[in-house]
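Peer 1: Below you'll find the structure I mean.
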Amino acid sequence: MRLLIMGAPGAGKGTQARGIADHYGIPAISTGDIFRANVRDKTPLGQQVEAILGRGDYVPDELTEQIVADRLAQPDAAAGFLLDGFPRTLHQLAALDETLAADGQALDAVLSLVVDPEDLIARLLHRAEIEGRADDNEETIRHRMDVYTSDTKPLLDNYGDRGLLVEVDGDGTIEEVGARLVAALDERMGGAGSR
Ligand code: AMP
């Protein structure tokens, strides 16, 4: 199963990505987690991206694409994966298609968590209090929402046109939304291949 999960900041995609990945026995690959871990460990990559993350801007496409290509080449991703937070631009989308096609692979489905944007700012502010994330002050949150709308939403149209999009209502408890996602995916995959 080669999957993506998309959703605006605060839509709960990180949590749901881990749940789905566990359910299907595939790795969840989050570019945001990779970047944050590098910032935390003060690696050269971390030093390169720290200010970008702090502003809520996007890390340059080529750099992000290379990191994902390297990660997808790891043995644990050979049988499937769930990408969380990548691609975020049309350039990244094309790069991912190319990376997969080079191995004769393609995406099976693109999950989209649909949540009212009004609710999302409130959720993010709440999370900022709990997690103390440096990129979660109100100004940065609003900026990330704007960047998402302008740069990432067109990707949904692209995947929709290709018949890959599976839209799921992201409003509810973690368990409710998780059950909806698995049901939608199982239906999409014809029930086969799922555990
Ligand atoms: P996330 O945890 O997915 O919200 O990502 C946190 C931050 O990491 C984003 O605000 C960006 O600065 C950076 N980032 C994560 N994924 C990407 C990507 N695919 N392209 C560019 N920047 C990214």
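Peer 1: Among (1) crowded, with 18+ Cβ neighbours inside 10 Å; (2) within 15 Å of the ligand (Cβ to nearest atom), there is one condition residue 139 misses while meeting the rest; what is its number?
Peer 2: Looking at each condition in turn, residue 139 falls short on (1).
Peer 1: Looking at (1) surrounded by fewer than 20 Cβ atoms within 10 Å (Cβ to Cβ); (2) among the β-branched types (Val, Ile, Thr); (3) farther than 21 Å from residue 177 by Cβ, which is the one condition that is false for residue 121?
Peer 2: With (1) surrounded by fewer than 20 Cβ atoms within 10 Å (Cβ to Cβ); (2) among the β-branched types (Val, Ile, Thr); (3) farther than 21 Å from residue 177 by Cβ applied to residue 121, the lone miss is (3).
Peer 1: I'm trying to understand the selection: among the residues of region 17-45, which are closer than 9 Å to residue 84 by Cβ, touching a residue at least 12 places away in the same chain (Cβ under 8 Å) and not polar (S, T, N, Q)? Steps first, answer last, please.
Peer 2: Residues of region 17-45 closer than 9 Å to residue 84 by Cβ: 17-18, 21, 28-33.
Checking which are touching a residue at least 12 places away in the same chain (Cβ under 8 Å) leaves us with 17, 21, 28-33.
If the condition is that a residue be closer than 9 Å to residue 84 by Cβ, touching a residue at least 12 places away in the same chain (Cβ under 8 Å) and not polar (S, T, N, Q), then 17, 21, 28, 29, 32, 33 are the ones that fit.
Peer 1: Just the residues that are under 17 Å from the mean Cα position of the chain (by Cα) and near the ligand (Cβ under 10 Å from one of its atoms), please, taken from region 142-164.
Peer 2: Residues satisfying the conditions are 144, 147, 148, 151, 152.
Peer 1: Can you confirm whether region 141-161 contains a residue that is at pLDDT 85 or above and outside any helix (DSSP H, G or I)?
Peer 2: No; the residues of region 141-161 include none that is at pLDDT 85 or above and outside any helix (DSSP H, G or I).
The values are calculated or read from the model by the stated rules, or taken from the named source; none is laboratory data. This one's a predicted model, so the numbers in the text were calculated from it and none came from an experiment. Positions of Cβ are generated from backbone atoms using ideal geometry, with glycine treated the same way; all protein chains shown enter the neighbour counts.
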